[in-house]
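Accompanying notes for the structure given below.
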Amino acid sequence: MANTVDKYFDLVDQNQQKFIETLREVVEIPSVSSDASKRGEVVRMGEWLQARWEQLGAQCKRIDPGKQILEGEELDLPPVILGQYGNDANKKTVLVYGHYDVQPALLEDGWATDPFTLVEMDDGRLVGRGSTDDKGPILGWLLCAETHKQAGLDFPVNLKFCFEGMEESGSEGLDAIIVDQADKWFKGTDVVCISDNYWLGKNKPCLTHGLRGVSYFHLQVEGPGADLHSGVFGGTVHEPMVDLVHLLSKLVDTNGRIQIPGIYDQVMPVTDEEELTYENLEFSHTALATDLKHDVIIHAEERDTLKHRWRYPTLSIHGVEGAFYSPGDKTVIPAKVKGKFSLRTVPNMEPKRVAELVTAFLEKEFAKLGSKNRMRVIETHGGRWWYSSPNHPNFVAGARATELVYGVKPDLTREGGSIPVTLTFEENLNVNVLLLPMGAADDGAHSINEKIDRRNYIQGIKLLGAYLHEVAVTDMTA
Ligand SMILES: C[C@H](N)C(=O)N[C@@H](Cc1c[nH]cn1)C(=O)O
Ligand SMILES: [Zn+2]
Ligand SMILES: [Zn+2]
């Protein structure tokens, strides 16, 4: 094994520039799943992936999950690309998952360069939307397989893959496909690996064994039939935006404490054993404050910041649809506004209970306003939290691979973000799932100037390959 892996590492080093060009090609496809006008681009990205894997000899199956209504338009959901690369009864079978859709990005949001053009900076940052979330990592699996084939190296496992184009918009349609394909396409899977999250800092790699869930809400307040002149109607009608701002202000206090009664009732208490897991992690408020560009950290202790990222629920307010937001001064009373907020959920919160508590609270608060406007709470998408033991041999394989590539033992972390499909794989395939991130803490996923460092991208391609070689020689039944 050592010889093959060394050859593989050498080839990855030699092909660095080519791999960056491949990343450039996919960043140029603006596959934004939340934007109806970009749906064709999301599909094009899925087709790009399928074509490239088929060229390599993988057997692929495209599943179109159905329709969705977005911005009042009926749209085809982007395809789920399932694949099988290699089918040797003597090898283990690893299923990898990733997503080829990205978050929205506009130059005017504050990007220094065009978000859909990959730019390599002097300090090694490869800047472009999707570079770290999740186009870099999904290319990692492809480039690993291509490199083995080009060099005539034996591929260590049978690889199954599942790539979706709706992760950033609630993975609509995917759960049903996984349930349906559990005994078909996914049959024979020994372990699952997902590369779609980030290290805790900039230098120390990690393995991740937990994710928070997400419950996303629209709070709609509707009043008059059309926007009104504030000089004529201000002070004489109930304004939807005024009601909405009142309601949004009740959800969470300025120290991040959720104000919805009952929301913390289902949260698992911290045990002494869990306390120990916050020791010796490579995480510092100094580094975090630098990444944030301004010290806006609420908590005094690092471990409290991590607890509020990993194991306590949080509530964030994202935006208001229908409100005036352009430059300049418009004296309008918007007729209908939608406040958007989400909760990140943790063990043992149940999504149904969360929705009930949120709705009951907002209805009560709205009633107190005595407004003649109409209010609705709509849960638009959700995903469940996931928590797993990091003692499974799949994690041992991930740790060995990390040591081989980076020369250090990885930290064991949980992730504040959500990858809803993780639990669906675990429950329906009855196998262990490992999260093996490629990117670093300061990559700026979902933010402006998203990047992946050249180091993380190239070493990450090695890491995914090394992991597959380690799985091949690790007893997964232990
Ligand atoms: C962690 C992962 N890379 C990610 O960014 N997940 C998203 C999933 C999501 C849910 N609703 C919209 N997107 C996230 O955690 O926000
Ligand atoms: Zn992602
Ligand atoms: Zn994301």
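The values are calculated or read from the model by the stated rules, or taken from the named source; none is laboratory data. Note that this is a predicted model, so its numbers are computed, not measured. Methodologically, a virtual Cβ is constructed for each residue, glycine included, from the backbone with ideal geometry; neighbour enumeration extends over all protein chains shown.
Meeting the requirement of 2 or more residues that are away from ligand 2 (no atom under 16 Å from the Cβ) and in the same structural domain as Ser371 (by TED's automatic domain parsing), the helices (runs of 4 or more DSSP H) wholly within the range 149-264 are 230-233, 240-251.
When Lys184 is tested against the conditions (1) crowded, with 20+ Cβ neighbours inside 10 Å; (2) closer than 27 Å to Pro393 by Cα; (3) away from ligand 1 (no atom under 13 Å from the Cβ), the lone failure is (1).
Residues of the range 158-179 that are away from ligand 3 (no atom under 16 Å from the Cβ) and among the acidic types (Asp, Glu): Asp175 alone.
In the range 115-134, the qualifying residues are those that are part of a loop (DSSP other than H, G, I, E, B) and within 14 Å of ligand 2 (Cβ to nearest atom), and the one that is farthest from the chain's Cα centre (by Cα) is Arg129. Can you list residue pairs whose Cβ atoms sit under 7 Å apart, with the first residue in the range 162-182 being closer than 17 Å to Arg44 by Cβ and the second being in a helix (DSSP H, G or I) and within 12 Å of ligand 2 (Cβ to nearest atom)? Count only pairs 6 or more apart in sequence or on different chains. Going by the 7 Å Cβ cut-off, the qualifying pairs are Phe163/Ile138. Note on the range 106-117: among residues that are hydrophobic (A, V, I, L, M, F, W, C) and buried (at least 18 other Cβ atoms within 10 Å of the Cβ), the one that is nearest to Gly136 (Cα to Cα) is Phe116. Every condition in (1) in contact with an Asp or Glu (Cβ under 9 Å, 6 or more places away or on another chain); (2) farther than 20 Å from Pro104 by Cβ; (3) not hydroxyl-bearing (Ser, Thr, Tyr) holds for Lys187 except the one numbered (1).
A single member of Leu434, Leu423 is crowded, with 23+ Cβ neighbours inside 10 Å and more than 11 Å from ligand 1 (Cβ to nearest atom), and it is Leu434.
Within the range 126-158, the set of residues being touching a Leu at 6+ places or on another chain (Cβ under 7 Å) and within 18 Å of Ala397 (Cβ to Cβ) comprises Gly140, Trp141, Cys144, Ala145, Pro156, Val157.
Results for (1) assigned to a helix (DSSP H, G or I); (2) outside the structural domain of Ile194 (by TED's automatic domain parsing); (3) surrounded by fewer than 21 Cβ atoms within 10 Å (Cβ to Cβ); (4) of a type in the set (A, V, I, L, M, F, W, C), shown as yes or no for each residue.
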position	(1), (2), (3), (4)
Thr22	yes, no, yes, no
Ser34	no, no, yes, no
Lys38	yes, no, yes, no
Val42	yes, no, no, yes
Gly46	yes, no, no, no
Lys61	no, no, yes, no
Ile69	no, no, yes, yes
Pro104	no, no, yes, no
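Restricting the range 66-114 to residues that are aromatic (Phe, Trp, Tyr) and within 18 Å of the chain's Cα centre (by Cα), the residue that is farthest from Ala145 (Cα to Cα) is Tyr100.
Being under 22 Å from the mean Cα position of the chain (by Cα) and not β-branched (Val, Ile, Thr) is a property that Leu56 lacks. In this structure, is Pro137 outside any strand (DSSP E or B) and within 16 Å of ligand 3 (Cβ to nearest atom)? So Pro137 passes the test. Only one entry of Glu273, Glu279 meets the criterion of being exposed (fewer than 11 other Cβ atoms within 10 Å of the Cβ), of a type in the set (Asp, Glu) and assigned to a helix (DSSP H, G or I), and that entry is Glu273.
Between Arg309, Arg303, the distinction of being of a type in the set (Lys, Arg), buried (at least 18 other Cβ atoms within 10 Å of the Cβ) and part of a helix (DSSP H, G or I) belongs to Arg309 only.
Residues in the range 1-29 that are over 16 Å from Gly136 (Cβ atoms) and not basic (Lys, Arg): Met1, Ala2, Asn3, Thr4, Val5, Asp6, Tyr8, Phe9, Asp10, Leu11, Asp13, Gln14.
Checked against (1) exposed (fewer than 11 other Cβ atoms within 10 Å of the Cβ); (2) in contact with a helix residue (DSSP H, G or I) (Cβ under 7 Å, 6 or more places away or on another chain), Ala335 passes all but condition (1).
Residues checked against (1) in the same structural domain as Gly188 (by TED's automatic domain parsing); (2) within 16 Å of ligand 3 (Cβ to nearest atom):
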residue	(1), (2)
Leu369	no, no
Ile378	no, no
Pro393	yes, no
Gly398	yes, no
Glu403	yes, no
Glu426	yes, no
Met438	yes, yes
Asp442	yes, yes
